[in-house]
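The values are calculated or read from the model by the stated rules, or taken from the named source; none is laboratory data. Note that the structure is predicted; figures quoted are calculated from it, not measured. Using ideal geometry, Cβ is built from the backbone for each residue, glycine included, and neighbour counts are taken over all protein chains shown. When the accessible area is computed, the model is the full protein with side chains, heavy atoms only, and any ligands, DNA or RNA have been set aside. Shrake-Rupley method; radii C 1.70, N 1.55, O 1.52, S 1.80 Å.
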Amino acid sequence: YEVQKSLRKKGVSAENNYIDALVDRDIAQADVMAAEGRLKLAQYRLDRTRITAPISGQIGQVNALVGSVVDTEAGNPLAIIVQLDPISVAFKVPYQQQLVAATGGRTVEEFLKDTSVEIMFNGISYEHPGSLQTSAPVVDPTDGTVTLRALFNNPRRLLRPGMKVNVKFQFKGN
């Protein structure tokens, strides 16, 4: 194109040679744009072939195998990932204990913050203390308890979901 443009300015090339070169240039530019679009589409499709989890942990139940066709609309998880570190321990306590701890104008949040939590399993005290994270907003009407949830560091993965542990918690406030 540039050669034909230069020759045309000098008057040594026919107009139709210049127009042919101009059309060839525009076609080549369109081909480049189409190839870039196909490359972006291929990259998009490739990016969608790798599925990453929003949390770290250990895969438990697997619901889809490598090579399976999956659908985001199906609603079935591909796998169940269990977070092991930190690990959450849920336990029930009589709501009356929470009420006693909250007397004197303390809130549930202060109760959670000012309570130490320890656990034992197989008769051994677990090496890492826990911290209370949440208190269920509803009292179980069948037994008058409320579910508390504590978080424990679990770097050696000793604690596993479903284990039975003994929980000892103590309110540190006045």
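Is the shape of the chain best called rounded, prolate or oblate, per the rule: a/c under 1.5 gives rounded, else a/b larger than b/c gives prolate, else oblate, with a ≥ b ≥ c the square roots of the Cα gyration tensor eigenvalues? In terms of gyration-tensor shape, prolate.
Look at the dipole of the chain built from charges on Cβ: of 65, 122, 28, the Cα furthest out on the positive end belongs to 122.
Among the protein heavy atoms, those of residue 89 account for about 20 Å² of accessible surface (1.4 Å probe, every chain in place). To make sure I understand the rule: partners must be lysines, Cα under 21 Å from the Cα of residue 113, and not fewer than 8 residues away in the same chain. Which ones qualify? Once the sequence-local lysines are set aside, what remains near residue 113 is 92, 168, 172. In this structure residue 44 has an accessible area near 120 Å², from a 1.4 Å probe over the protein heavy atoms.
May I ask for the angle, rounded to the nearest 10°, between helix 15-47 and the longest principal axis of the chain, with both axes built from Cα atoms and the value confined to 0 to 90°? The answer is roughly 20 degrees.
Legend: residues 25, 38, sorted from most to least accessible area (1.4 Å probe; ligands, DNA and RNA excluded), read 38, 25. Calculated mean residue ellipticity, 222 nm, the chain: -10000 deg cm²/dmol, from DSSP H runs (n ≥ 4) at -39500 (n - 2.57) each, averaged per residue and rounded to 500. Placing unit charges on the Cβ atoms only, positive for Lys and Arg and negative for Asp and Glu, gives the chain a dipole magnitude near 380 debye about its Cα centre.
Set Lys and Arg Cβ to +1 and Asp and Glu Cβ to -1, take the dipole of region 17-174 about its Cα centre, and tell me which of 55, 77, 136 lies farthest positive. Of the candidates, 136 comes out farthest on the positive side.
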